[in-house]
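Participant: Just passing along the structure, written as structure tokens.
The values are calculated or read from the model by the stated rules, or taken from the named source; none is laboratory data. In this text, all values refer to a predicted model and were calculated from it rather than measured experimentally. Cβ atoms come from the backbone with ideal geometry, glycine included; neighbour counts cover every protein chain shown. These area figures cover heavy atoms from the full protein model, side chains too; ligands, DNA and RNA do not enter into them. Shrake-Rupley method; radii C 1.70, N 1.55, O 1.52, S 1.80 Å.
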Amino acid sequence: MIEDFLAGDLSNVAEAIRKAAAAEILPRHRQLAAHEIVEKTGPHDLVTTADRLAEEHLTASLTALLPGSVVVGEEAVHADPSVCEALRGRAPVWIVDPVDGTRQFVRGEDGFCTLVALALEGEVLASWTYAPVHDQMATAIRGRGAWLEGERLLAGEPAPGAELRVATSHPDYTTPEQKHALLGLNTEGVRARPCGSAGLEYLAVARGELDAVAFSWEAAWDHAAGLLLVTEAGGAHTTVAGDGFRIAGDNALPFTAARSATTAERIRGLLT
């Protein structure tokens, strides 16, 4: 069933994502009222009305496109953590982050996106990364490449001897132990900075504009779409244990995704 779906015209998925953003996200960009912004676990973990309504919109539209599929969305998991168990099940799973970069969205900035990935039994098969303000859609299909608005994405190798540009977990979101693990990147030849929207950082790696990311958390909705995008653009990902990142969890952290396997291994060596 899912093979037939992936072999068909997937423009309807992109259209569903654009419609959700047009209906629930863009009208609230720079227009949020105070009561539409709520703290989840703390002042750096926010949710807005746009997050909730866009996820509801996508849950309805995506499951209608692929009967029998289920959704693991960031807001649904916050309400009921057991929703994540679907990542280990046998039904096709849509992994959804309605507004990736909520802090940027709340501040009225442009650096946020909508992330959707389609997975089956732990393997990500397709992904969509949509930047609503710029109306840019990046897509990836396993084994068929990564694309941005119809142009093939090729991450390429960093220039020999060049300083590696790396986006890392933001200090506001890291524990002392995670900060210590990431300190390995504070070395000559590496220029590390805190990340913004994870989805847009992955897109930057796939475009060859950023050499790598190094993250210390494993929420599937933040990473599934971007990891496939980077991989299909020629990049690679690895945890500190040398394994590929698993969307269902239980990863050795931190992990990295990079423009090439060589770069990923170099970053991994600095994190261990």
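Participant: Amide H to amide H under 5 Å from Glu109: which residues, 5+ apart in sequence or cross-chain, H placed 1.01 Å off N in plane?
Facilitator: none
Participant: Roughly speaking, to the nearest percent, how much of region 163-264's 1.4 Å accessible area is carbon and sulfur?
Facilitator: Roughly 50 percent, rounded to a whole number.
Participant: Label region 1-151 by shape, choosing from rounded, prolate and oblate, from the square roots a ≥ b ≥ c of the eigenvalues of the Cα gyration tensor; if a/c is under 1.5 it is rounded, and otherwise prolate applies when a/b is larger than b/c, oblate when it is not.
Facilitator: oblate
Participant: Hey, what number do you get for the chain at 222 nm if only DSSP H runs of n ≥ 4 count, each worth -39500 (n - 2.57), divided across all residues, to the nearest 500?
Facilitator: -9000 deg cm²/dmol
Participant: Can you pull out the chymotrypsin sites (Phe, Trp or Tyr not before Pro) in region 97-145 whose DSSP state is coil and whose Cβ has at most 11 other Cβ atoms within 10 Å?
Facilitator: Here no chymotrypsin sites (Phe, Trp or Tyr not before Pro) fit, given the DSSP loop and packing criteria.
Participant: Using a simple charge model, +1 on the beta-carbon of Lys and Arg, -1 on the beta-carbon of Asp and Glu, nothing else, what dipole does the chain show about its Cα centre, in debye to the nearest 20?
Facilitator: In debye, rounded to 20, the chain gives about 420.
Participant: Something else now. So with the 1.4 Å probe, I'd like the accessible area per residue for the chain, rounded to whole Å².
Facilitator: Here the per-residue accessible area is 43 Å².
Participant: Right, something else. Could you look at region 60-128 and say what percent of its accessible area is carbon and sulfur, using a 1.4 Å probe and all protein chains?
Facilitator: Reported share for carbon and sulfur atoms: 53 percent.
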